[in-house]
1. Looking only at the stretch 96-109, which residues are surrounded by fewer than 18 Cβ atoms within 10 Å (Cβ to Cβ) and assigned to a loop (DSSP other than H, G, I, E, B)?
2. Search the stretch 278-323 for residues being among the small types (G, A, S) and in contact with a helix residue (DSSP H, G or I) (Cβ under 9 Å, 6 or more places away or on another chain), and hand back the single one that is nearest to K36 (Cα to Cα).
3. Taking the criterion of being surrounded by fewer than 21 Cβ atoms within 10 Å (Cβ to Cβ), closer than 20 Å to A89 by Cα and not aliphatic (A, V, I, L, M), would at least one residue in the stretch 240-257 satisfy it?
4. Could we say that L177 is in contact with an Asp or Glu (Cβ under 8 Å, 6 or more places away or on another chain) and assigned by TED's automatic domain parsing to the domain that holds K247 here?
5. Scan (1) more than 16 Å from N254 (Cβ to Cβ); (2) buried (at least 20 other Cβ atoms within 10 Å of the Cβ); (3) of a type in the set (V, I, T); (4) in the same structural domain as E134 (by TED's automatic domain parsing) for the single condition V320 breaks and write down its number.
6. Tell me whether the stretch 113-120 contains one or more residues that are touching a Lys or Arg at 6+ places or on another chain (Cβ under 7 Å) and under 14 Å from P229 (Cβ atoms).
7. With respect to V128, is the statement that it is buried (at least 20 other Cβ atoms within 10 Å of the Cβ), outside the structural domain of A24 (by TED's automatic domain parsing) and of a type outside the set (F, W, Y) true?
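The values are calculated or read from the model by the stated rules, or taken from the named source; none is laboratory data. Worth saying up front: this structure is predicted, and the values here are computed from it rather than measured. When we count neighbours, we look across all protein chains shown, and the Cβ atoms used for this are built from the backbone with ideal geometry, even at glycine.
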Amino acid sequence: MPFFLRMSKKSSKFAENLGSMRIAFTTELPKEGFRKLEPLAITGLTWLLAYRDAGWQQAEVLVSTFDYKVPREMIEAMPHLRLIANFGAGYNNIDLEACRERGIRVTNTPQPVIEPTAELAFALMIDVARRVSEFDRRIRSGAKQPAELFGVMKNLSHSLYGKTLGIIGLGRIGQALARRAAASGMRVIYHNRRRLEDERIRGLEGVQAEYVDFQTLLQDSDFVSLNLPYTPEVHHLIGKPELGMMKRSAFLINTARGAHVDEQALVEALQNGIIAGAAMDVYEHEPAISQELLTLPNVVLSPHTGTGTWEGRIAMCENVCDNILAFMQNDLQAMDIVL
């Protein structure tokens, strides 16, 4: 029997038994984001925090967050689990094979993450190129002699205007970043596994983005931004050979997934002047960060905050609600389906 038919029957049965509905959360999230589910409380909606509240293993729905691993053993500990509604666009935190074996549906929240992540990527570009964080640290540490910090030919940095941004992964976030770059007078090039047709890049809103091969992007870009999802095939997409293809004046920006970059190779490239700098929101062994990155002046670091705005978090919660409600109504078309 086709997979979607099996799921269809399970979700229909689930919808008929809302009186005993239990939702387990891996992480405490803003309650105001889940108001769409409040009417269900009349029928006995139960909220549980995994590994803290008694009975969480009996939940039919698990709301997981992108930074929380959901391994096979956790899935097997929940015999009634029918849906994992992931809070985040990425879903490599979930053992999808274990879900597939059990016929468990998995959803994500791709829409609310677009603009906040693109905002941060652009902010990191400005920060590392104009040395904002570096200058902030310097002023704070040298406040006793501020006059030494000022001068016409001191503290020079690089402009974004007129430069080339190379986007690896021109999906919705990449397109939102391209719009911001174009508004700042940048040329935009991109590389995907295959060239996008015009109907796939409506998010550019008239901005021109030129498709180039991978090597050309690395060689021609002043800024290389990673905006693609993680799969094993793109593990260490950027390593020593790729960093060596980049301009010595180029900057690497990563707001996607840390494992896209060989972090040790990046450290060596930064130390040896192979590239000019890097700005990172994600790390290969997150939450651990290479000690060398913490000490290099030409690096800007943020703690995986791409979607971390109040507005973004509430919108992601609402997206989770929409996926749960659509699942209960067996409305597959309304769900952001991963599996």
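1. Passing the criteria: only G103.
2. A315
3. No, because not a single residue in the stretch 240-257 is surrounded by fewer than 21 Cβ atoms within 10 Å (Cβ to Cβ), closer than 20 Å to A89 by Cα and not aliphatic (A, V, I, L, M).
4. No.
5. With respect to (1) more than 16 Å from N254 (Cβ to Cβ); (2) buried (at least 20 other Cβ atoms within 10 Å of the Cβ); (3) of a type in the set (V, I, T); (4) in the same structural domain as E134 (by TED's automatic domain parsing), V320 is out only on (4).
6. yes
7. Criteria met by V128.
For (1) touching a helix residue (DSSP H, G or I) at 6+ places or on another chain (Cβ under 6 Å); (2) under 25 Å from F34 (Cβ atoms); (3) at pLDDT 95 or above, each residue gets a yes or a no:
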site	(1), (2), (3)
F66	no, yes, no
A77	yes, yes, yes
E97	no, no, yes
I114	yes, yes, yes
E119	no, yes, yes
